[in-house]
1. Order of LEU173, LEU201, LEU14 from fewest to most other C-beta atoms within 10 Å?
2. What number, rounded to the nearest 500 deg cm²/dmol, is the helix-based mean residue ellipticity at 222 nm of the chain, given -39500 (n - 2.57) per DSSP H run of at least four residues and division by all its residues?
3. Based on alpha-carbon atoms only, what is the radius of gyration of the chain relative to the globular estimate 2.2 N^0.38 Å?
4. Taking a ≥ b ≥ c as the square roots of the Cα gyration tensor eigenvalues, with a/c under 1.5 meaning rounded and otherwise prolate when a/b beats b/c, else oblate, which class fits segment 1-54?
5. With label points built 7 Å along Cα→Cβ from the Cα atoms of ARG178 and ALA117, find their separation and express it in nm.
6. Helix 151-161 versus the longest principal axis of the chain: what is the Cα-based angle in degrees, 0 to 90, to the nearest 10?
7. Taking each pair of different alpha-carbon atoms in segment 150-199 once, compute 1/r for the pair, average those values, and report the inverse of that mean as the Kirkwood hydrodynamic radius in Å to one decimal.
8. Quick one: net charge around ASP52, please, counting Lys, Arg +1 and Asp, Glu -1 for every other residue with C-beta under 14 Å from its C-beta.
Amino acid sequence: MQVTPVLCVTHDDLLWKHWSGLDAQGWLPARGRTLADLARWREQRRGLAMIDLDVPRLPTMGSEQWNDAIAGLRVVVASPRPHDEQGTKALAAGAVGYCHTHAPVAALAQVLGVVGAGEIWMGRSLVQRLLRLVDSRAGKQETWHNDLLTERESMVARQAAVGDSNQEIAAALGITERTVKAHLSAVFEKLGVSDRLQLALRVHGISRA
């Protein structure tokens, strides 16, 4: 089984013990204690890192010191007290993932797998927040689907693009959540997008095929 190195930056020995369990999930965790360790990681031509926001004397996210430290790396920010405002700030400051520090190891492995593949990871409530922000600030495009979608797929796509959950879409359209998932899978494939955020950008004309 191929293993992927990931630098885990934390001063907390108990948290490091938890994160070191990633070795059973196809990862090769290495210990870091400060952001200075990111420079060494970069010199070794490694690209993936996870940072505990409780690390002492951590620079403000988005500051020059922070930007210099994470430059050229794909960084997941882990918070012991995650909330949407902090997550939005982390992503705006260059992080490609945001999660709970003590999320189960299997969940952390999933986060790392997604960001390691070049995607962005964030919690469901944060996704909905960003989708609604996009919807409030951008106008809808009437030709975004180019007749690729069925009428029902188009309806599902529009609601997903403004942040509605599968349950909310199912209730609004009088269909099951399973059917919603099937429609969304078809929408993603036809439009060439991989997640709801990309779909929202496409629906609002911000991103095109």
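Taken together, the values in this text are just the output of simple stated rules run on the coordinates, not laboratory data. Every value quoted in this text rests on a predicted model; they were computed, and no experiment measured them. Cβ atoms come from the backbone with ideal geometry, glycine included; neighbour counts cover every protein chain shown.
1. Starting with the residue having the fewest Cβ neighbours, the order is LEU14, LEU173, LEU201.
2. Numbers: 10 runs with 99 residues, N = 209.
That comes out to -14000 deg cm²/dmol.
3. Relative to the rule-of-thumb radius for its length, the chain sits at 1.14.
4. Oblate, because a/c is 1.5 or more while a/b does not exceed b/c.
5. 2.4 nm
6. Helix 151-161 sits at roughly 30 degrees to that axis.
7. Its Kirkwood hydrodynamic radius stands at 10.5 Å.
8. Residues near ASP52 contribute +1 overall.
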